[in-house]
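Written below as structure tokens is the structure these notes are about.
The values are calculated or read from the model by the stated rules, or taken from the named source; none is laboratory data. All values reported here derive from a predicted model rather than from experimental measurement. Counting neighbours? That spans all protein chains shown, and the Cβs are built from the backbone with ideal geometry, glycine included. We work out accessible area using only protein heavy atoms, side chains counted, and drop any ligands, DNA or RNA first. Shrake-Rupley method; radii C 1.70, N 1.55, O 1.52, S 1.80 Å.
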Amino acid sequence: MSGTKGMLHYRVETKQEAMRLVLEEHLTFAEVATKLGVRKSARIEAWVRKYRQEGEASFHKPIGRPPTAQAEQRELERLRMENALLKEFHTELRGMRLAPRNIGQSTISKKSSQ
């Protein structure tokens with residue numbers, strides 16, 4: 001069992017066995033559900049319908065909503081903003097560490113160089 005909201009995802013082998021029982025042994029959806037421990041016979045009926053429409057490929061489709069281009073764009077923008085903030089923070093930290101030691105600043109004044 002995986003997922004959220006109480007959803008139960010069945011293994012491909014379970015679905016294949018359900019197809020075999022329905023199509024070869026001519027058992028009813030309710031009998032197959034009971035035999036395989038599936039809660040609702042409507043689930044078996046849906047598997048059979050998809051199997052008849054799409055064949056074996058119907059069992060190997062990814063579960064869940066695919067990421068949208070908009071979600072990927074938002075993630076990219078978030079990462080770019082985070083990167084910019086980290087660069088700014090790094091610059092400030094570097095300035096704070098160098099200032100007390102007077103590193104990186106010229107020690108020659110304008111008057112002495114003329």
Gln16 fails exactly one of (1) open to solvent by 70 Å² or more (accessible area, probe 1.4 Å); (2) without any contact (Cβ under 8 Å) to a residue 40 or more places away in the chain, namely (2)
Do we have Lys61 as in contact with a helix residue (DSSP H, G or I) (Cβ under 7 Å, 6 or more places away or on another chain) and open to solvent by 90 Å² or more (accessible area, probe 1.4 Å) here? no
Looking at segment 30-66, which of its residues are under 16 Å from His9 (Cβ atoms) and modelled with pLDDT under 90? Ser58, Phe59, His60, Lys61, Pro62, Ile63, Gly64, Arg65
Exclusive hit being surrounded by fewer than 14 Cβ atoms within 10 Å (Cβ to Cβ) and without any contact (Cβ under 8 Å) to a residue 24 or more places away in the chain, set Leu27, Leu76, Leu21, Leu8: Leu76
